[in-house]
Structure formats: structure tokens, C-alpha cells
Amino acid sequence: MPTATATATATLLDFSDVQMTFPDGTVALSGIDLTVKRGEFVTVVGPSGCGKSTLLRIASGLETASHGSVELATDRIGYVFQDATLLPWRSVQSNVELLAELHGTPKADRLAKAKEAIDLVGLTGFEKHLPRALSGGMRMRTSLARSLTLDPEIFLFDEPFGALDEITRERLNDELLRLFAEKQFAGLFITHSVSEAVYLSTKVIVMSGRPGKIVDTFEVPFAMPRDPEIRFTGEFAGLVGKVSHALREGHH
Amino acid sequence: MADSPELVTRRRRGRPRVSTWAPPIALLALIVGIAYVANALLGKRAFLLPRPDQVFAVYVSPKNGPAIFESLLHTTEVALVGLAIAIALGVLWAIAMNTAKWVERTTLPYAIILQSIPILAVVPLIGFWFGYDFVARVIVCVLIALFPMTSNTLFGLQSVDRSHKELFRLQGASRWTVLTKLELPTALPAIFAGARISAGLSVVGAIVGDFFFQRGTPGIGALISKFGARLQSPELFASILVASLFGVVVYLFFQWLGRRAVGKWYDFG
Ligand SMILES: Nc1ncnc2c1ncn2[C@@H]1O[C@H](COP(=O)(O)OP(=O)(O)OP(=O)(O)O)[C@@H](O)[C@H]1O
Ligand SMILES: [Mg+2]
């Protein structure tokens, strides 16, 4: 990992032996050990229902693990949900301002932050639009911009691009990589797409079906910033194959 | 952005086209025509259905015209005061139920009882307790109009997305912030839909109140019952028509208000 060593390698998120049993007896996670350091972009793949969302919910504090310890070294967390979760009565601008508004940031600061974030995700010119007038991809960008205003040290993504078409998804992947290079946050990203996982991350974690366990971990050797063309190399395809294989193994 | 959904809806909502207003107008003309024919056929019993021009003449007659419009004004007053109270009470009650589970558990059954009691059975009691005047008439309005307000608001408040709530929770938003910046705005379309229903019911309440409580300055309901008792059929028809139109106007007003308030982001029917 040539780039990760360049920045400080502080651990931002640390799961050790985490287990999650819901009140109804469902064991969603079991024996999860996981760390995310600054400059790392960790992606989790696993079959549906294996506890990936639960993992993120525990990391963010929305849910409390029933066993094990979870340490989060920052309170600046960006959480990007599967759907954009925009407030339909607010324009793009005021949706992006929302989080800063909830933190009581003064109006002028809020405006500046929102402007910068809207710029970063390429939505300049759409500030006044309501969510219903946006495409799915633009809604997701708005959601990203909203999280960016918090200047998060760690970003949690729960299948953010799952509902988008292939082309939009690839474009947003590239933008996310660009943001990652620029902002140097840590990322914990969940996806169903193995190639998205390999393309985006520095490390891919494979989980098995319920109860969710980590069955394999792959370091991704490609340099960051990533060349989009890398997706068409044999090395890339080889790694995608290995991850897919591990995923299939874990399924049984 | 020629085809953004925003523009599409705006076009649909634009000036009503001929095809929208022409058919109802044609039907109205037909009804008026039928009234003339029926009136002619009824012969001696023509008083059962007066001619439309006889009805219209009542409005311009110096004796009954002003009386009808003045009593309509009194009815409006009662209906509006009753509606305002019902809206305020309904929204506050729903907020209380949404905020504290125990309030919902203790009081929701009574909201449902309120909805199912035959209001006419209780009306005499209201007069008995509160006098046969303005206050009693307003209370009838509130009793009739309260439930749709409460239930709609509660439904609206409870239809907030789980992910929206979590978005706020992640930022440590206070209960008050969640209420004002998330729950109430989400509930706004439901609140306006409730207000539209309650407004219509409040008009009904005011007229029912007029029938029963005739002290002070009762409204159009009192006139209707008087003209009915005296078999003054053109006057009776004229008053009923005005009362009905009033109900329609109130409904349309709240429809318009709802569209103005939330129509930009919600398809308010
Ligand atoms: N509040 C809850 N109470 C009981 N069981 C729950 C609860 N939340 C989640 N579960 C269960 O825990 C398991 C893991 O759920 P989770 O949403 O984390 O899966 P996931 O990996 O994100 O699935 P998907 O890929 O479909 O999004 C599922 O079987 C789910 O039914
Ligand atoms: Mg999930």
C-alpha cells in the first residue's frame, strides 16, 4: 500500500470480536474484527442479509453491539444511506446545508460550505432544484455533498450506488475516488458489486451469510489515484475473480 | 431541462381547459332545464320544486336577500372559529400523541369514540351545558371537525421515513428540532388534507348548530328550518343553495391553500 503510508495511519474505527444479536434472536454478526485507518478505503461485500448494514449502523452508533468492543476515534462521520434521503421540500442548496444547520453553524459558514460541497460533486447550477426534479444520480450527489459539509474523517457508505444504472455508477465511482484523494478521509463502503469493491478500495472484506462473519480479506495493490482503465487489465480481473470466488464459498 | 417533472406538473396544473369546466356547466344547464319542466308538470304542487328564476329572485328581494346573506355571515363566523379551534386542537393533540407514547395509548381510543358518537344525540346536552348561543354552536363545529384533523396529522407525523429520522439522530438533533424540521414538514400534506375535510365538516357543524341553538344571532341553518316550516319554497331553496355553495367555497379554498403550501414538492390532490 504505497499511498497509505504517506499520511498518518491513525486507526479511526476499530471493531474487535463484535457480535450482534437482535432482541428477536436473530444473530446478524458474529466475531467481527475490523479496523479502518486514515487513508484506507475498506469495502465490504457479502450476501444479502448477512449484516452489512448492521455493521455500519453499529459503527455510526445507530445500533449498539450486543458483544465486543467498537471504537470510533472521531465524531466527524459521514453516513451515506442507500437511498439519497433528501428532504423533498428542501432545494438542493438547503438539503446540503441541513447537517450544518442541525449543528448550529452560522448562516454564512453554512452557505460557504454548501457551495464548496455542491461544487465538488458537480451540481453547480442546480442549487434551486427540488429533489423531485433531479435524476437518481443527481440525488445521490446531493446526498454526498450533504455529508461532505461535515468534513468527515470517516465516511460510511451503505450501498449508495446500488439503485443506479451502470454508467452513472461508474461515473460516481470515479468522482468518489477523486474526492477520496482530495479529502483523505477513511472509507467503509458496502456494495453488492465485486468489481466496484475492487475498483474503489484499498482493502476488500468478504462476509459469509447469516450469521455474518468475515471469511476473507484482500489487499488491493493498485495505486491511488486509480486509472479508470485499470478495470480492463488482467490483474484487476484476476482479483475480482478471487473475491467472487471467496464470496461464493462463504455463501455455503 | 425541458421535461423536468417540475415543468410537467406545472403544465398539468395550469389554467383549466375547456374540457374541464364545460361538462359540469352543461350538466348544470340540464338540471336548470329539468327544474323548469318539472315545475310545469307538478301543476298545483309546483311549490315542491320552485322555478330557478323564483329562487334567484329571492336573492335580490329586499326582504329576504339581505337576511340570507347576513345569516350566512353568522354561519361563516361560527364555522371559521370552530375550524380554527379544531385545527389547533387537532394538531396539538396529534403532536402530543406522537411525542409521548402514553398520551397516544391513553387518548387515541377517545379520538375514535369522538369519531363514532352520533353527534346529533349529544347536541341537546351541549345546549344544556353551554347555553343555546354562539359558544354552543362553535362547540358542535369543533366536535364534528376535530377527528379528521387529529387523525390526519398523527398519520402524517408517523409517516416519517426511518432513514430520515436516523439522519437527524446521527447529528444528535433534539426532539424539538426533529419535530420542527422533519416531522411537521413531512406531515404538512396530511395536515392540509385534514384541514380540507375538517373545513367542510365545520360548515356542517355550524348549520346543525343553527338548527338547535337559536339564541343570539343564528345563521343560515335557522333560516332553512324557518322557511321549511313555513313552506316558503323559493326561500328554502335559495338558502340551501347558498349554504351548499359556501361549503364548496370553503373546500376549494383549503384545496388552494394546500397546493400553495406543499404543491411544489407534493402532489396535493
Ligand atoms: N432491528 C432488527 N431486528 C431483528 N432483526 C434484524 C433487525 N435489523 C436487521 N435484522 C436482521 O439482521 C440481518 C442482517 O440485516 P442487514 O440489514 O444488516 O443485512 P444486509 O447485509 O445489509 O442485507 P442487504 O444486503 O439486503 O442490505 C437480517 O437477517 C435482518 O433480517
Ligand atoms: Mg443493507
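The values are calculated or read from the model by the stated rules, or taken from the named source; none is laboratory data. Predicted model, so just to flag it, every value in this text is computed and none were measured. With ideal geometry, Cβ positions are generated from the backbone for all residues, glycine too; neighbour counts draw on all protein chains shown. Ligands, DNA and RNA are stripped out before the accessible areas are found, and what is left, the full protein with its side chains, is counted by its heavy atoms. Shrake-Rupley method; radii C 1.70, N 1.55, O 1.52, S 1.80 Å.
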Practice item. Starting from the amide H of A:Gly68, placed 1.01 Å from N in the peptide plane, find each other amide H under 5 Å away whose residue is 5 or more places distant or on another chain. Key: A:Gln19
**Study point:** Value at 222 nm in deg cm²/dmol, rounded to 500, when DSSP H runs of n ≥ 4 in chain B each add -39,500 (n - 2.57)
**Key:** -27000 deg cm²/dmol
Exercise for review: Could you compute the FRET efficiency for B:Val122 and B:Ala26, with r as their C-beta to C-beta distance and R0 at 35 Å, rounded to 0.05?
Suggested key: 0.25
**Study point:** Gaussian network model of chain B, Cα within-10 Å springs - most flexible of B:Gly82, B:Gly43, B:Gly131
**Key:** B:Gly43
Check your understanding: Can you work out ³J(HN,Hα) from phi for every residue in the range A:140-148, in order, using Karplus 6.51 cos²θ - 1.76 cosθ + 1.60 and θ = phi - 60°, giving whole Hz and x for Gly and Pro?
Key -> 5, 4, 4, 4, 4, 4, 4, 5, 4
**Study point:** Mean Cα-pair separation over length for chain B, i.e. relative contact order, pairs under 8 Å, 6 or more apart, %
**Key:** 24 percent
**Study point:** Estimated buried accessible area (total), pair A and B, 1.4 Å, Å² to nearest 100
**Key:** 2200 Å²
Check your understanding: Taking the range B:169-267, how much of its Cα-Cα pair set, in percent, is spaced more than 22 angstrom apart?
Key -> 51 percent
Check your understanding: Under 20 Å from a point 7 Å along the Cα-to-Cβ line of B:Val103: which residues of the range B:167-187 have their amide N that close?
Key -> B:173-187
Point to revise | chain B: angle of helix B:119-130 to the longest principal axis, Cα-based, in degrees nearest 10 | key: 90 degrees
**Study point:** HN-Hα J in Hz across the range A:77-94 - Karplus 6.51, -1.76, 1.60, θ = phi - 60°, x for Gly and Pro
**Key:** 10, x, 10, 10, 7, 4, 9, 5, 6, 7, 7, x, 8, 9, 5, 3, 3, 7
Practice item. Take the Cβ-Cβ distance between B:Ala84 and A:Ser135 as r, set R0 to 45 Å, and report the resulting FRET efficiency rounded to the nearest 0.05. Key: 0.60
**Study point:** Cβ-based charge dipole, chain A, positive-most Cα from A:Thr217, A:Met138, A:Pro23
**Key:** A:Met138
Study note, to complete from the structure: Over all viewing directions the Cα convex hull of the range B:36-91 casts an average projected area in nm² of 5.9 nm²
Review point. Across peptide A:78-88, what mean number of C-beta atoms from other chains lies inside 10 Å of a residue's C-beta?
Key: 4
Check your understanding: Angle between the Cα long axis of helix B:233-262 and the longest principal axis of chain B, 0 to 90 degrees, nearest 10?
Key -> 20 degrees
Revision key, fill the gap. Largest fluctuation, B:Trp129, B:Trp102, B:Trp21 only, Gaussian network model of chain B with Cα springs under 10 angstrom, belongs to B:Trp21
Review point. Rounded to the nearest 20 Debye, what is the dipole magnitude of chain B about its Cα centre when Lys and Arg each give +1 and Asp and Glu each give -1 at the C-beta?
Key: 440 debye
Point to revise | Label-to-label distance, nm, for residues given as B:Leu73 and B:Leu241 (7 Å Cα→Cβ offset) | key: 2.2 nm
Check your understanding: With the dipole of the range B:158-242 worked out from charges on the C-beta (+1 for Lys and Arg, -1 for Asp and Glu) around the Cα centre, which of B:Val242, B:Val204, B:Leu184 lies farthest toward the positive end?
Key -> B:Leu184
Revision key, fill the gap. The ³J(HN,Hα) series, computed from each phi in the range A:12-28 with the Karplus coefficients 6.51, -1.76 and 1.60 at θ = phi - 60°, rounded to the nearest Hz and given as x for glycine or proline, is 9, 9, 9, 9, 10, 6, 7, 10, 10, 10, 7, x, 7, x, 5, 8, 8
Point to revise | trypsin sites (Lys or Arg not before Pro), loop per DSSP, at most 10 other Cβ atoms within 10 Å - longest free stretch of chain B | key: B:64-229
Review point. Any idea what % of Cα-Cα pairs in the range B:85-189 are farther than 25 Å?
Key: 33 percent
Review point. For B:Asp267, what accessible area in Å² do you get when you roll a 1.4 Å probe over the heavy atoms of the protein chains, rounding to the nearest 10?
Key: 90 Å²
Review point. What residues qualify as long-range amide H neighbours of A:Leu123, i.e. H under 5 Å apart, gap of 5 or more or another chain, H built at 1.01 Å from N?
Key: none
Study note, to complete from the structure: In nm², the average projected area of the convex hull spanned by the Cα atoms of the protein assembly as shown is 33.2 nm²
Practice item. Mind checking A:59-70 for the average number of partner chain beta-carbons within 10 Å of each residue's beta-carbon? Key: 1
Revision key, fill the gap. Longest principal axis of chain B (C-alpha) makes with the long axis of helix B:184-212 (C-alpha) an angle, in degrees to the nearest 10, of 30 degrees
Point to revise | Residues listed by number, the range A:17-57, amide nitrogen under 16 Å from A:Glu219 label point at 7 Å toward C-beta | key: A:35-43
Point to revise | Relative contact order of chain A, pairs being alpha-carbon contacts under 8 Å that are 6 or more residues apart, as % | key: 27 percent
Revision key, fill the gap. Across 10 Å bins beginning at 0, the whole-percent shares of Cα-Cα pair distances in chain A come to 7, 30, 36, 21, 5, 0
Study note, to complete from the structure: Non-local residues with an amide H under 5 Å from the amide H of A:Leu29, with H modelled 1.01 Å from N and Pro and chain starts lacking one, are A:Met20, A:Gly212
Exercise for review: Determine the gain in length on full extension of the stretch B:Ile113-B:Arg17; use 0.36 nm per residue of separation and subtract their C-alpha separation, reporting nm with one decimal.
Suggested key: 30.2 nm
**Study point:** GNM top mover of A:Pro47, A:Pro221, A:Pro88 - chain A, alpha-carbon springs below 10 Å
**Key:** A:Pro88
**Study point:** Measure of compaction for the range A:88-151 (Cα Rg per 2.2 N^0.38 Å)
**Key:** 0.98
Practice item. Could you tell me the distance between the Cα centroids of the range A:171-205 and the range B:128-190, to the nearest Å? Key: 43 Å
Review point. According to a simple spin-label model (label point 7 Å from Cα along Cα-to-Cβ), what is the distance in nm between B:Phe56 and B:Phe130?
Key: 4.0 nm
Check your understanding: Which translational diffusion coefficient, to the nearest whole µm²/s, is obtained for chain B from the Stokes-Einstein equation, given a Kirkwood hydrodynamic radius over C-alpha pairs, 4 °C and 1.567 mPa s?
Key -> 60 µm²/s
